[in-house]
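K.L.:
Below is one structure. I have some questions about it.
The values are calculated or read from the model by the stated rules, or taken from the named source; none is laboratory data. Since this is a predicted model, take the numbers as computed values, not measurements. We place every Cβ from the backbone using ideal geometry, glycine too, and count neighbours over all the protein chains shown. Calculation scope for accessible area: heavy atoms of the full protein, side chains included, ligands and nucleic acids excluded. Shrake-Rupley method; radii C 1.70, N 1.55, O 1.52, S 1.80 Å.
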Amino acid sequence: MTSNLIGSPPADGAPEARITVGDLIVDRERFRVTVADEPAPLTYMEFETLYVIAGGGGRVVGYDQIAEALWGAAEDDHRARLAVLVSRIRSKIGPAARYLQTVRQVGYRLTLAPA
């Protein structure tokens, strides 16, 4: 199931395999991100970071929650590490970076709604 806005997570709590926000598609099964049908060359960690944030269903995903999903635990430097990953993601997804919003002191969300 895809839509123009991220849907609610399935009943089991896992994010959908394919998440669409505007012209940004995060496809877990193909391990591929596209923007306006053009591939975005994300690294493994960049993809995983975007997928965790996209899995939030348009809600804010906290820094600690993202770190635990990526590294198994939140560490002292995880906010700085996440900031670098998100910066790289934004540069690679170009105009779709407008969907990836920072919520200061909280985390990130992926949504069509303006910040």
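K.L.:
With charges only on Cβ, +1 for K and R and -1 for D and E, what is the dipole size of segment 13-91 about its Cα centre, in debye, rounded to 20? Display every interim value, and only then the final one.
P.N.:
Details: 9 positive and 13 negative charges, 24 e Å.
Roughly 120 debye, rounded to the nearest 20.
K.L.:
Keeping all protein chains in position, work out how much accessible area Phe31 exposes to a 1.4 Å probe, and write it in Å² to the nearest 10.
P.N.:
It works out to around 90 Å².
K.L.:
Related question: What net charge is computed for the residues neighbouring Glu46, neighbours being all others with C-beta under 15 Å from the C-beta of Glu46, Lys and Arg scored +1, Asp and Glu -1? All intermediate terms of the calculation are to be shown ahead of the outcome.
P.N.:
On the way: positive: Arg28, Arg32, Arg81, Arg88, Arg90, Lys92; negative: Asp27, Glu48.
Surrounding charge for Glu46 is +4.
K.L.:
Would you compute, from DSSP H runs of 4+ residues alone, the mean residue ellipticity of the chain at 222 nm, taking -39500 (n - 2.57) per run and dividing by the full residue count, rounded to the nearest 500? Don't skip to the answer; put the middle values down first.
P.N.:
Numbers: 3 runs with 36 residues, N = 115.
The helix-only estimate for the chain comes to -9500 deg cm²/dmol at 222 nm.
K.L.:
Tell me the volume per residue, in Å³, of the convex hull enclosing the alpha carbons of the chain. Don't skip to the end; give the middle numbers.
P.N.:
On the way: hull volume 11.1 nm³, N = 115.
Given the Cα convex hull of the chain, per-residue volume reads 97 Å³.
K.L.:
Could I ask something else about it? Distance in nm between label sites at Asp76 and Leu112, each 7 Å beyond Cα in the beta-carbon direction?
P.N.:
4.4
K.L.:
So what is the relative contact order for the chain, in percent, with contacts set as C-alpha pairs under 8 Å and at least six apart?
P.N.:
Working: 182 pairs, mean separation 28.9, N = 115.
It rounds to 25 percent for the chain.
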